[in-house]
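The values are calculated or read from the model by the stated rules, or taken from the named source; none is laboratory data. What you see is a predicted model; the values in this text were computed from it and never measured. Cβ: placed from backbone, ideal geometry, glycine included. Neighbour counts: every protein chain shown.
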Amino acid sequence: MRAALLALASLAASAGAVGITLPNETAMLPDSGHPGYLPALQRCMICHSADYIALQPDFGEARWRAVVDKMRQAFKAPIPPEEVALIAAYLADAQRRRLLRPHPP
């Protein structure tokens, strides 16, 4: 067993470390003037990129409310309960107005 571990360690050392550099995230949620913009920016962008949010299917406000509440309850996102409806309303409004668009590469 020790010989196998030494062989694996030797193989890993000879392979060398490979690194990748990802581009900076430059896409942002659009400021539409909606009162839910700032809470969405502060709460959603902690875990999600604007591009990820923009790639979601067209949801109505009720569906967005369920999604945001799931993030809060199941995934423990730091979203106060009183901000769930506000964030959902912003996301639904931004989708409806076609303001959420993936950032070009």
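Below is a table of values for the structure above.
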read-out: Matching residues, the stretch 32-79, being within 21 Å of H103 (Cα to Cα) and of a type in the set (A, V, I, L, M); value: L38, A40, L41, M45, I46, A50, I53, A54, L55
read-out: Residues (surrounded by 13 or more Cβ atoms within 10 Å (Cβ to Cβ) and either in contact (Cβ under 8 Å) with a residue 60 or more places away in the chain or among the aromatic types (F, W, Y) (or both)) located in the stretch 88-102; value: Y90, D93, A94, L99, L100, P102
read-out: The lone exception for S14 - which of (1) assigned to a loop (DSSP other than H, G, I, E, B); (2) at pLDDT below 90 it fails; value: (1)
read-out: Residue list for the stretch 52-92, filter: modelled with pLDDT under 95 and farther than 17 Å from S32 by Cβ; value: Y52, L55, P57
read-out: Residues within the stretch 17-49 that are farther than 16 Å from M71 by Cα and either at pLDDT below 90 or not in a loop (DSSP other than H, G, I, E, B) (or both), tallied; value: 14
read-out: Residue satisfying condition, being in a helix (DSSP H, G or I), among the small types (G, A, S) and surrounded by 13 or more Cβ atoms within 10 Å (Cβ to Cβ), within set A85, A77, A62; value: A85
